[in-house]
Structures are given as C-alpha cells and as structure tokens.
1. Step by step: first the residues of the range 215-232, then only those that are closer than 25 Å to GLU310 by Cβ and in contact (Cβ under 8 Å) with a residue 40 or more places away in the chain, then the one that is surrounded by the most Cβ atoms within 10 Å (Cβ to Cβ). Which residue is that?
2. Within the range 266-312, can you find the residues that are among the acidic types (Asp, Glu) and either within 25 Å of ASN235 (Cβ to Cβ) or in a loop (DSSP other than H, G, I, E, B) (or both)?
3. Out of curiosity, is MET187 at pLDDT below 95 and under 23 Å from GLU74 (Cα atoms)?
4. Kindly indicate whether any position in the range 233-243 is part of a helix (DSSP H, G or I) and either free of Cβ contacts under 8 Å to residues at least 24 places away in the same chain or surrounded by fewer than 18 Cβ atoms within 10 Å (Cβ to Cβ) (or both).
5. Considering only residues that are among the basic types (Lys, Arg), part of a strand (DSSP E or B) and either at positive phi or in contact with an Asp or Glu (Cβ under 6 Å, 6 or more places away or on another chain) (or both), which ones fall in the range 77-121?
6. When both residues are 6+ apart or on different chains and their Cβ atoms are under 6 Å apart, which pairs have a first residue that lies in the range 148-162 and is assigned by TED's automatic domain parsing to the domain that holds ASN126 and within 17 Å of PHE118 (Cβ to Cβ), and a second that is crowded, with 20+ Cβ neighbours inside 10 Å and β-branched (Val, Ile, Thr)?
7. For the range 89-115, give me each residue that is surrounded by fewer than 17 Cβ atoms within 10 Å (Cβ to Cβ), of a type in the set (A, V, I, L, M) and over 16 Å from the mean Cα position of the chain (by Cα).
8. Tell me the residue from MET263, MET190 that is surrounded by 15 or more Cβ atoms within 10 Å (Cβ to Cβ) and part of a loop (DSSP other than H, G, I, E, B), please.
Amino acid sequence: MNRETLYSIIIIIVLCVIAVGMLIVQGRFEPQDFFAVEFQKDKPGSQVKQISPPDDVLSAFAIDGYKPMGEKEEFNEENLSDKINGKADLYLECGFVSMASRRFADIGEPSRWFEIYFYNMGEPQNAYAVYSQQRRRERKDSSVAPLAYTVENAVFFMNGKYYFEIVSAEASDEMVLAVEQAAAALMKSMPPEPFAPRELSFLPEENRIKGSEKLFLKNAFGFDKFPPVLLAQYNLNGDEITVFIAALEEDAKPLMVEYVKFMKEIGATETADAIPPIPDAVVMEMSGETEIVFVHGNILGGIHAAAKRESALALIPSIYEKAKNSK
C-alpha cells in the first residue's frame, strides 16, 4: 500500500467518525438545546447563560400526544392582519416585531387541536402592554408563568419580550389542560424573564383589584402627549374606580397643565374642590363623572371618569401618598 492510499483511507475514516457523531447529537436533540447562548466577558465569575429563544422555536417544539398539523407560519408588520384580522392594530401600536404560529393535533383524535401564537414584541414593556390590555375579566390565574391566565379554551402568558396565546379548537377542561401543558413546555425551554411595569411601584395595593392593571404605551384617554400610563381598578366600598399613574423623565407639572387643558377642550369643567393633602390637585367633572389629576415631581397620577365624586375624593389621598413616598 503506497503512502497516498493510506492517507486517503485515514481521511475517509475520520469523515465517517464525524458523520456518526453528528447523527448521535441530532438523535439526542432537546428543544432547549435549540436556543442560543451568550458569554458575559470581562466580569468576575463569567458564565455561559441561556438567552431568550429565537422566533423559530416552533420548528422544534414538541409535546407528548400531539403532532404538528403542518409547518409553522410566520408574519410581519405587513401581513399580520391576514392572520389576526381586527386585532393587528393593538400589536403594531405596541412595538410588534414578528409572530410565528403553528397548530398541533391530538394524535388519537385529530379534530382536537390547538394553535400556538408566538409574538416577539421587541421589549418586555411592549409584551406587557399587549398582555394587560387583552386580559379577560372572566379568567383563571395559571401557574405556567408569573403572568399567565386561562379561559375556557386558551392560555395567555408572557415571558420577557415574548407574548404567547395558545388557543384550542374546543372549550373543555381537557383541552385547557393540554394548552397549559404546552405553555409549561415552552416556559421550561427558555430562561424565566419576569416583568413588572415601573409604574406599578407607585400604586398602593390596598383596595386595588388584582389583575386589573393595564399599560397604555401612548394615547391614554385620547391624549397624545401622555407617556406610558398604567391604569388600575380600585374597589372602594363597592365603587369601582379607575386610577392612572405615569412616570416621566422630567418634571410632570407642564404635562399636567396640558392634560387639564385637553380635558377642558373636550367638555370638562374645573370644580372648586380642594384636596388638602395634595397641593395643586385639579378636580374636574364631565358628563356626570369626576376626573382628578395631581403631580409630584416627575410623577403624574389621578382618577379617571369616576361615577361617584365622593368615592374619588376619598380614594385619591392614598394614591398621592404612595406616589410621593415611592422612588
């Protein structure tokens, strides 16, 4: 055997070993292995850490007892309305980046299926805005994620900048269990990224209705100069009251002046009510409802469209005190 032949045989053997190794790795594939990792350099005790999954996670996703009904679908700003006609505007206004969806059917009974909608909203604040604005009143909290709930045929949850909807073709306890199992599998395959809006820390917990919070990134109450505004419902002696709060980067007084002007332009009238604990608070009425607005430094807050003036006046001092004493 000459030297060239020997070298050729060695190269062929090496290539075969590499090919076998690749097949073994692919055979042991796990969904969590699908995600990228990043290395934090120049920091003591640097470690490799998992980062959020890419939008093509649905290509590899699997759950026991269910099989994909087809390939995943992908949507962008231009064609999102083709998939969710009538709802696309909310996502687009909240910083939508992309959406992928895929259906999975029960292996034994294909008519029972669910569809996963996987939204990349760009930032956790954007995902929270969509999640909170669509949160149903008739719901059950779910343990699949810190922010998650179920209805009769679906589970909704978020993790970091990602927002998920898993909707089944039928309303039943069994299918709710199936979509929750799918949600739990998705959550296990990515690092947890809990989120709470900054504005929430400025609102007192007492009398606040759990899960009533809604974040509007812009145009709250139709006022286009507002920054992100968090709304929350409070129950005071049976009266449900909408409280709002916003945190600015600068002094909030000029914005308050602009908002009061806006309210007067659409028909509100300022009353002579004084609220001793709150300097410069403005109380207005419009169409039989009470509006109150205050500022403290860079915090702007108040009560919107309260049905009972007395209840609004009784609640607002606690809202102001919490905002004043928060950082």
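1. So, considering only residues that are closer than 25 Å to GLU310 by Cβ and in contact (Cβ under 8 Å) with a residue 40 or more places away in the chain, the one surrounded by the most Cβ atoms within 10 Å (Cβ to Cβ) is LEU231.
2. The first filter runs over the range 266-312 and keeps only residues among the acidic types (Asp, Glu), leaving 270, 273, 280, 285, 289, 291, 310.
Within the range 266-312, ASP273, ASP280, GLU285, GLU289, GLU291, GLU310 meet the criteria.
3. Working: at pLDDT below 95: yes; under 23 Å from GLU74 (Cα atoms): yes.
Yes; evaluated as a whole, the condition is true for this residue.
4. Applying the first criterion (part of a helix (DSSP H, G or I)) to the range 233-243 yields none.
No, the range 233-243 has no match at all.
5. As a first pass, look at the range 77-121 and keep what is among the basic types (Lys, Arg): 83, 87, 102-103, 112.
Okay, now just the ones that are also part of a strand (DSSP E or B), so 102-103.
The one that is among the basic types (Lys, Arg), part of a strand (DSSP E or B) and either at positive phi or in contact with an Asp or Glu (Cβ under 6 Å, 6 or more places away or on another chain) (or both): ARG103.
6. VAL155/ILE166; VAL155/VAL179; PHE157/VAL144
7. ILE107
8. Result: MET190 is the single residue among MET263, MET190 that is surrounded by 15 or more Cβ atoms within 10 Å (Cβ to Cβ) and part of a loop (DSSP other than H, G, I, E, B).
The values are calculated or read from the model by the stated rules, or taken from the named source; none is laboratory data. None of the values given here were measured: they were computed from a predicted structure. Counting neighbours? That spans all protein chains shown, and the Cβs are built from the backbone with ideal geometry, glycine included.
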